[in-house]
Ligand SMILES: [Fe+2]
């Protein structure tokens with residue numbers, strides 16, 4: 001890919017892509033990349049670095065087939081299959097998130113990090129927009145490095161020894177139903193599969209260390225039900241505090257989708273929230289997740 005001229009301080013460190021931050025906390029638009037026509041290794045290395053530095057990046061105006069979407073995700077790592085969502089018939093790596101005009105509940109309408117209830121949660125998630133409402137349906141992100149940095153030294157010490165217990169299929173959902181119950185009643189936006197014996201409840205450190213950057217981040221979300229070794233009643237006040245604290249406005253950015261946009265975030269240091277403000281319209285997103293490691 002051709003070298004791009006840059007002017008900003010951040011741009012100086014990128015030679016093949018343009019990285020435009022969208023908020024003070026996290027998030028950047030990457031310009032100068034056409035994924036469908038191929039991304040060479042030097043450009044890819046810069047994309048990977050921009051992803052680590054900005055935690056969530058996106059590329060507008062991409063024209064991707066499902067096969068190209070899968071191939072680009074595989075450049076980052078192995079695909080993390082969703083244990084409860086059913087993939088597309090021809091592309092089992094891709095989960096289609098389809099909210100129809102008559103459905104009221106959306107997918108991902110709570111602050112969370114993807115797959116935190118599995119033993120090895122997805123390190124990254126790559127969404128591609130295929131159909132969007134005329135307005136709305138944005139996705140919000142929150143920087144969990146910043147959230148960790150901003151808690152007191154005292155609370156940091158306490159959290160340092162604790163694990164959160166995350167449940168992938170609890171009745172804490174706004175509907176009060178499990179995933180299968182939601183799917184059967186027509187409330188779900190994704191076809192579900194029975195996870196069988198797969199582990200969908202896992203305990204991970206509430207403060208995790210990012211394996212690539214070495215930075216510490218809070219690791220909590222809507223799937224977090226208790227603190228390991230604590231009762232639910234004991235866990236609730238601290239977890240409620242953390243769940244509120246971790247998405248303070250100054251930790252967040254908001255991504256406004258356009259059709260054909262590929263958004264790619266790091267689940268190890270962010271939470272996200274799908275805004276459900278487009279009732280009566282259809283929204284179709286293709287989701288691929290990338291395998292991560294055991295959090296430490
Ligand atoms: Fe999600």
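The values are calculated or read from the model by the stated rules, or taken from the named source; none is laboratory data. Small disclaimer: the values here were computed from a predicted structure and weren't measured. So basically every Cβ, Gly included, is an ideal-geometry build from the backbone, and we count neighbours across all protein chains shown.
Identify the residue in region 216-238 that is in a helix (DSSP H, G or I) and touching a strand residue (DSSP E or B) at 6+ places or on another chain (Cβ under 6 Å) and, among all such residues, is surrounded by the fewest Cβ atoms within 10 Å (Cβ to Cβ).
The selected residue is 232.
Can you find, within region 138-155, the residue that is surrounded by the most Cβ atoms within 10 Å (Cβ to Cβ) among those that are over 13 Å from residue 253 (Cα atoms) and in contact with a strand residue (DSSP E or B) (Cβ under 7 Å, 6 or more places away or on another chain)?
Here the answer is 147.
Looking only at region 94-119, which residues are within 16 Å of the ligand (Cβ to nearest atom), in a loop (DSSP other than H, G, I, E, B) and more than 19 Å from residue 58 (Cα to Cα)?
Those that are within 16 Å of the ligand (Cβ to nearest atom), in a loop (DSSP other than H, G, I, E, B) and more than 19 Å from residue 58 (Cα to Cα): 105, 106, 107, 109, 110, 111, 115, 116, 117, 118.
Within region 162-173, can one find any residue that is away from the ligand (no atom under 14 Å from the Cβ), at pLDDT 95 or above and under 17 Å from the mean Cα position of the chain (by Cα)?
Among the residues of region 162-173, not one is away from the ligand (no atom under 14 Å from the Cβ), at pLDDT 95 or above and under 17 Å from the mean Cα position of the chain (by Cα), which makes the answer no.
Do the conditions hold for residue 268, that is, is it buried (at least 20 other Cβ atoms within 10 Å of the Cβ) and in contact with a strand residue (DSSP E or B) (Cβ under 7 Å, 6 or more places away or on another chain)?
Yes, satisfied.
Report yes if residue 213 is away from the ligand (no atom under 16 Å from the Cβ) and either farther than 28 Å from residue 61 by Cβ or surrounded by fewer than 14 Cβ atoms within 10 Å (Cβ to Cβ) (or both), otherwise no.
yes
Please work out which residue is farthest from residue 39 (Cα to Cα), limiting yourself to region 76-85 and to residues that are assigned to a loop (DSSP other than H, G, I, E, B) and within 16 Å of the ligand (Cβ to nearest atom).
Residue satisfying both the conditions and the ranking: 84.
Answer yes or no as to whether residue 263 is within 16 Å of the ligand (Cβ to nearest atom) and in contact with a helix residue (DSSP H, G or I) (Cβ under 8 Å, 6 or more places away or on another chain).
The answer is no for residue 263.
Scan region 250-257 and tell me whether some residue there is modelled with pLDDT of 95 or more and out of contact with any strand residue (DSSP E or B) (no Cβ under 6 Å at 6 or more places or on another chain).
yes
Among (1) in contact with a strand residue (DSSP E or B) (Cβ under 8 Å, 6 or more places away or on another chain); (2) at positive phi; (3) at pLDDT 95 or above, where does residue 108 come up short?
All conditions are met except number (3).
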